[in-house]
Amino acid sequence: QVQLVESGGGLVQPGGSLRLSCVASGFTFSTYVMSWYRQAPGKERELVATIARTGGPTTYADSVKGRFTISRDNAKNTVYLEMNSLKADDTSVYYCRASFGFRNYWGQGTQVTVSS
């Protein structure tokens, strides 16, 4: 059974930091490209960051470049999203996604709220 379980969300003040985790099971994690997406109320889901299978090449949305860092630990079947200098606009539900060809798996999401 495929599972992606996100954690680490919460309420943080502007300028603060959070680290999201996504633990995968039920598939060969190291063969999948991993991504983080987010979706704010009333908005479309948007791609935040992607990391290659080996943890090498990464890509980021312009809105988070220099503030967010995606990483993965294939030994732990886990992908991370380190978020620094958080802004109110970063408030969203954050989802991780695993991709391999036409196969796509999604987690259930974790809420991040940036507010004073």
Per-residue accessible area for VAL114 at 1.4 Å probe radius, Å² rounded to 10?
-> 10 Å²
Provide the net charge surrounding TYR32, with neighbours chosen by a C-beta distance below 12 Å and charges set as Lys +1, Arg +1, Asp -1, Glu -1.
-> +4
Taking all protein chains as present, what is the carbon and sulfur share of the accessible area of the chain, in % to the nearest whole number, probe 1.4 Å?
-> 49 percent
Phi angles of segment 19-28, converted by Karplus (6.51 cos²θ - 1.76 cosθ + 1.60, θ = phi - 60°) into ³J(HN,Hα) in whole Hz with x for Gly and Pro, give 10, 8, 10, 9, 9, 9, 7, x, 7, 7
Diffing segment 4-11: the Karplus 3J(HN,Hα) column from phi (6.51, -1.76, 1.60, θ = phi - 60°), in whole Hz with x for Gly and Pro, holds 10, 10, 8, 7, x, x, x, 9
So, counting K/R as plus one and D/E as minus one, what does the shell of residues with Cβ under 13 Å around ILE51 add up to?
-> +1
Would you pull out the residues with amide H under 5 Å of GLY16's amide H, same chain only if 5 or more places away, H placed 1.01 Å from N?
-> LEU86
Take the Cα pairs of the chain, get the Kirkwood Rh, then feed it into Stokes-Einstein at 20 °C and 1.002 mPa s and tell me D in µm²/s.
-> 152 µm²/s
Treating cross-link reach as a plain straight distance, find the aspartates and glutamates whose alpha-carbon is under 18 Å from the alpha-carbon of LYS65, omitting any fewer than eight places away in the same chain.
-> GLU46, GLU82, ASP89, ASP90
Each label sits 7 Å from Cα toward the beta-carbon; between LYS87 and ARG45 the label points are separated, in nm, by 2.4 nm
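The values are calculated or read from the model by the stated rules, or taken from the named source; none is laboratory data. This is a predicted model, so every value here is computed, not measured. Positions of Cβ are generated from backbone atoms using ideal geometry, with glycine treated the same way; all protein chains shown enter the neighbour counts. Surface areas here come from the heavy atoms of the whole protein model, side chains and all, with no ligands, DNA or RNA. Shrake-Rupley method; radii C 1.70, N 1.55, O 1.52, S 1.80 Å.
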